[in-house]
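In what follows, a structure is listed as structure tokens, so that the remarks can point back to it.
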Amino acid sequence: MDLEKLLSDRLAPAFAAVAGSPVDPLVRRSPRADFQSDAALALARRLGRPPRDIAAAVVAHAVLDDVGVSAEVSGPGFLNLTVSDLALADLVIRLAGDTRLGVPPTATPQTVVVDYSAPNVAKEMHVGHLRSTVIGDAAVRLLDWLGHRVVRVNHLGDWGTPFGMLIEHLIDLGEAEAARNLSMGDLDTFYRAARVKFDADEAFQERSRLRVVALQGGDERTRRLWRLLVTQSERYFLTVYDLLDVTLSADDFRGESAYNSLLAGVVDDLDRLGLLLPSGGAACVFPQGFSGRDGEPLPLIVRKSDGGYGYPATDLAALRQRVGELGATRLLYVVGLPQRQHFAMVFAVAQAAGWLRPPAQAEHLGFGSILGADGRMLRSRAGGSVKLVGLLEEAVARATDLARSRNPDLDAAAADEIGRAVGIGAIKYADLSVDRTKDYVLDWERMLALDGNTAPYLQYAYARIRSVLRRAGTAARPDTTIVFAQPEERALAVELLGFAGVVGEVERSLEFHQLAGYLHRLATAFNAFYERCPVLRAADELRESRLLLAELTARTLRQGLHLLGIRTLERM
């Protein structure tokens with residue numbers, strides 16, 4: 001039911017016959033026909049023939065009649081492709097009868113580990129955690145729906161030298177008081193108070209250093225106090241995930257500490273393989289292809305000069321465990337772009353060690369930053385990091401106020417439901433609708449607008465369709481005859497048939513702005529259809545046809561938005 005793929009599959013043999021080798025037909029949507037192939041223009045120089053002649057030869061070789069498609073050479077050598085009304089109507093009926101909207105479960109399910117969110121214990125989540133959490137959640141939702149075995153991993157920062165300082169501060173406060181403070185969710189205040197003591201009090205510094213030794217040595221009381229910090233922090237993280245409406249749960253927490261017992265083995269194996277070299281007192285691996293500004297080989301420090309282990313050792317241990325024990329064949333790391341080189345080096349070392357080999361592959365899903373109106377990194381008025389909870393609560397409050405201003409008769413429960421769905425949806429969509437490698441500006445007015453490429457625009461389109469279907473008083477019949485009385489009906493039908501192709505592409509690329517862009521095009525096509533093609537006032541056959549197109553649009557919008565982690569509303 002993916003028309004672009006169908007047409008590409010039909011044209012590929014014809015292009016290969018003309019070119020003498022495989023050719024991508026480059027099929028895409030066209031303003032002049034249903035679809036267009038540009039491949040003849042790209043072939044002209046290689047074959048030394050006019051592109052119109054190439055396109056005409058392809059038409060002569062192509063087998064398209066049996067699928068109701070006609071082809072016509074246009075302009076300098078474009079190939080315009082038009083699907084007959086009969087064939088298009090048949091495809092829509094088949095799509096309407098498919099509970100998965102033309103998207104079959106994958107034929108080659110993988111075990112996919114998605115590493116995302118990754119806040120630090122005893123620190124509040126800030127706006128910098130938003131993109132990782134939202135992008136990772138969308139990846140999990142999509143891959144799970146396609147039938148892959150998805151393992152969520154929330155790689156908590158729960159280990160290291162700062163915990164000596166934090167545990168000593170906890171002891172000074174008393175366990176009961178510390179637990180009360182932490183349970184209130186103000187983790188930053190707790191952390192800052194510990195840091196102030198550490199910076200000002202040499203005795204506290206010494207106690208903190210000794211506490212780190214006790215923690216790493218497995219001292220029972222120290223481990224219990226450390227666990228108190230972790231548990232209270234995890235409870236706070238879960239409240240944030242609930243507000244953000246993502247699928248992470250307590251079962252998905254896996255801190256850095258979970259890999260401690262594996263670190264020595266990682267170092268020993270790298271040494272045995274001849275990959276480990278001394279450098280400045282540290283034990284390092286120098287993966288091929290990486291050099292510093294001075295042109296010298298760049299080291300990945302696996303064990304520090306003081307004998308401790310850094311992030312690279314933990315990441316290597318985690319990767320090896322995910323491939324070896326979990327059987328992962330696709331590993332996704334949803335981490336900001338500044339970590340691109342780090343992960344490239346980790347992956348290169350894992351490949352050199354034989355821990356990461358086909359069919360397993362690792363991918364860094366890097367992303368840009370969220371900017372303020374001034375085009376700089378988004379900061380609070382005091383100049384610090386923006387707390388994620390505060391950002392989410394502001395989104396919900398703004399959306400709730402907008403809902404009440406549009407409909408003063410809304411009761412409190414309805415206003416709250418709309419405010420949360422629209423506010424959180426606006427935050428997520430603003431993130432997912434842009435190329436994840438790009439920065440974007442947090443603009444409340446644009447994000448919450450009911451027009452343009454926004455979540456509220458899509459949510460309102462869905463609610464409008466549900467209103468039409470309620471007023472119809474009956475469900476659309478899946479066996480009805482599809483009629484194209486207006487161009488807008490046809491345009492909507494063609495758009496509906498593109499869902500499977502977009503989902504397939506996003507499965508590969510995990511570029512969610514492609515799915516967001518498709519949903520916006522679909523909602524725009526529906527709104528044009530809605531304005532031009534009355535549904536409830538149409539004659540019987542036409543009414544049934546338009547009801548089915550509307551219902552199919554609602555189903556597609558709902559499923560697409562669900563994959564992005566955005567709720568739909570029956571009323572707005």
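In the stretch 188-225, which residue that is surrounded by fewer than 19 Cβ atoms within 10 Å (Cβ to Cβ) and of a type in the set (G, A, S) is modelled with the lowest pLDDT?
So, considering only residues that are surrounded by fewer than 19 Cβ atoms within 10 Å (Cβ to Cβ) and of a type in the set (G, A, S), the one modelled with the lowest pLDDT is G217.
Do the conditions hold for E495, that is, is it modelled with pLDDT of 95 or more, open to solvent by 20 Å² or more (accessible area, probe 1.4 Å), within 28 Å of S30 (Cβ to Cβ) and of a type in the set (D, E)? Give the derivation first.
Numbers: modelled with pLDDT of 95 or more: yes; open to solvent by 20 Å² or more (accessible area, probe 1.4 Å): yes; within 28 Å of S30 (Cβ to Cβ): yes; of a type in the set (D, E): yes.
The answer is yes for E495.
Yes or no: V246 in a helix (DSSP H, G or I), of a type in the set (V, I, T) and buried (at least 19 other Cβ atoms within 10 Å of the Cβ)?
On the way: in a helix (DSSP H, G or I): no; of a type in the set (V, I, T): yes; buried (at least 19 other Cβ atoms within 10 Å of the Cβ): yes.
When the stated conditions are applied, V246 does not pass them.
Tell me which residues, restricted to the stretch 303-338, are in contact with a Leu (Cβ under 7 Å, 6 or more places away or on another chain) and open to solvent by 50 Å² or more (accessible area, probe 1.4 Å).
Residue satisfying the conditions is Y309 alone.
Take the residues in the stretch 266-278 that are touching a residue at least 24 places away in the same chain (Cβ under 8 Å) and of a type outside the set (V, I, T), then tell me which one is least open to solvent (accessible area, probe 1.4 Å).
Of all residues in the stretch 266-278, those touching a residue at least 24 places away in the same chain (Cβ under 8 Å) come to 266-267, 269-270, 273, 275-276.
Within this subset, residues satisfying the condition of being of a type outside the set (V, I, T) are 269-270, 273, 275-276.
Numbers: D269: 40, L270: 0, L273: 75, L275: 42, L276: 26 Å².
If we take residues in the stretch 266-278 being touching a residue at least 24 places away in the same chain (Cβ under 8 Å) and of a type outside the set (V, I, T), then L270 is least open to solvent (accessible area, probe 1.4 Å).
Is it the case, given these coordinates, that G384 is within 24 Å of P456 (Cβ to Cβ), free of Cβ contacts under 8 Å to residues at least 24 places away in the same chain and open to solvent by 20 Å² or more (accessible area, probe 1.4 Å)?
Working: within 24 Å of P456 (Cβ to Cβ): no; free of Cβ contacts under 8 Å to residues at least 24 places away in the same chain: yes; open to solvent by 20 Å² or more (accessible area, probe 1.4 Å): yes.
For G384, the condition - within 24 Å of P456 (Cβ to Cβ), free of Cβ contacts under 8 Å to residues at least 24 places away in the same chain and open to solvent by 20 Å² or more (accessible area, probe 1.4 Å) - is not met.
Select, from T106, T82, the only residue that is open to solvent by 10 Å² or more (accessible area, probe 1.4 Å) and touching a His at 6+ places or on another chain (Cβ under 7 Å).
Details: T82 fails: touching a His at 6+ places or on another chain (Cβ under 7 Å).
Only one candidate passes the filter, namely T106.
State whether the residues of the stretch 426-444 include one that is in contact (Cβ under 8 Å) with a residue 12 or more places away in the chain, of a type in the set (S, T, N, Q) and within 29 Å of L510 (Cα to Cα). Explain how you work it out, then say what you get.
Step one: filter the stretch 426-444 for residues in contact (Cβ under 8 Å) with a residue 12 or more places away in the chain, giving 426-444.
Those left that are additionally of a type in the set (S, T, N, Q): 433, 437.
Going one step further and asking which of them are within 29 Å of L510 (Cα to Cα), we end up with 433, 437.
Looking for residues that are in contact (Cβ under 8 Å) with a residue 12 or more places away in the chain, of a type in the set (S, T, N, Q) and within 29 Å of L510 (Cα to Cα), one finds at least one in the stretch 426-444, hence yes.
I'm trying to understand the selection: among the residues of the stretch 84-108, which are in contact (Cβ under 8 Å) with a residue 24 or more places away in the chain and aliphatic (A, V, I, L, M)?
Selection gives L88, A89, L91, V92, I93, L95, A96, L101, V103.
Would you check which residues across the stretch 65-79 are surrounded by fewer than 19 Cβ atoms within 10 Å (Cβ to Cβ) and among the aliphatic types (A, V, I, L, M) and list them? First the steps, then the outcome.
Within the stretch 65-79, the first condition is being surrounded by fewer than 19 Cβ atoms within 10 Å (Cβ to Cβ), and the residues that meet it are 65-68, 70, 72, 74-76.
V67, the sole residue that qualifies.
Has the stretch 468-490 got at least one residue that is within 21 Å of L563 (Cβ to Cβ) and either open to solvent by less than 40 Å² (accessible area, probe 1.4 Å) or of a type in the set (G, A, S) (or both)?
no
For the stretch 387-409, how many residues are over 27 Å from A118 (Cβ atoms), among the hydrophobic types (A, V, I, L, M, F, W, C) and either surrounded by fewer than 17 Cβ atoms within 10 Å (Cβ to Cβ) or without any contact (Cβ under 8 Å) to a residue 60 or more places away in the chain (or both)? Even if it seems obvious, please write down each step before you answer.
The first filter runs over the stretch 387-409 and keeps only residues over 27 Å from A118 (Cβ atoms), leaving 397-409.
Checking the rest, the ones that are also among the hydrophobic types (A, V, I, L, M, F, W, C) come to 397, 399, 402-403.
Within this subset, residues satisfying the condition of being either surrounded by fewer than 17 Cβ atoms within 10 Å (Cβ to Cβ) or without any contact (Cβ under 8 Å) to a residue 60 or more places away in the chain (or both) are 397, 399, 402.
Total satisfying the criteria: 3.
Determine which single condition S291 fails, assuming it passes every other condition in (1) more than 18 Å from T111 (Cβ to Cβ); (2) open to solvent by 80 Å² or more (accessible area, probe 1.4 Å).
The number of the failed condition is (2).
Select, from A430, A449, the only residue that is modelled with pLDDT of 95 or more and buried (at least 22 other Cβ atoms within 10 Å of the Cβ). Talk me through it step by step, then tell me what you get.
Values: A449 fails: buried (at least 22 other Cβ atoms within 10 Å of the Cβ).
None of the others qualify; the one that does is A430.
Looking only at the stretch 145-165, how many residues end up being over 20 Å from R254 (Cα atoms), open to solvent by 10 Å² or more (accessible area, probe 1.4 Å) and in a helix (DSSP H, G or I)?
Result for the stretch 145-165: 1.
Restricting attention to the stretch 315-325, does a residue exist that is touching a strand residue (DSSP E or B) at 6+ places or on another chain (Cβ under 8 Å) and assigned to a loop (DSSP other than H, G, I, E, B)?
Checked the stretch 315-325: no residue is touching a strand residue (DSSP E or B) at 6+ places or on another chain (Cβ under 8 Å) and assigned to a loop (DSSP other than H, G, I, E, B).
Note down all Cβ pairs under 7 Å where the first residue falls in the stretch 322-344 and is over 19 Å from P299 (Cβ atoms), the second is assigned to a helix (DSSP H, G or I) and among the basic types (K, R), and they're at least six residues apart or on different chains.
Taking only residues 6 or more apart or on different chains, the pairs are A328/R322; L331/R322.
From G390, G375, which residue is out of contact with any Ser or Thr (no Cβ under 6 Å at 6 or more places or on another chain), more than 22 Å from G255 (Cβ to Cβ) and not in a helix (DSSP H, G or I)?
Working: G390 fails: not in a helix (DSSP H, G or I).
Selected residue: G375, the only one of G390, G375 that is out of contact with any Ser or Thr (no Cβ under 6 Å at 6 or more places or on another chain), more than 22 Å from G255 (Cβ to Cβ) and not in a helix (DSSP H, G or I).
The values are calculated or read from the model by the stated rules, or taken from the named source; none is laboratory data. From a predicted model like this one, the values you see are computed outputs, not experimental measurements. Cβ: placed from backbone, ideal geometry, glycine included. Neighbour counts: every protein chain shown. The accessibility values were calculated without ligands, DNA or RNA, using every heavy atom of the protein model including side chains. Shrake-Rupley method; radii C 1.70, N 1.55, O 1.52, S 1.80 Å.
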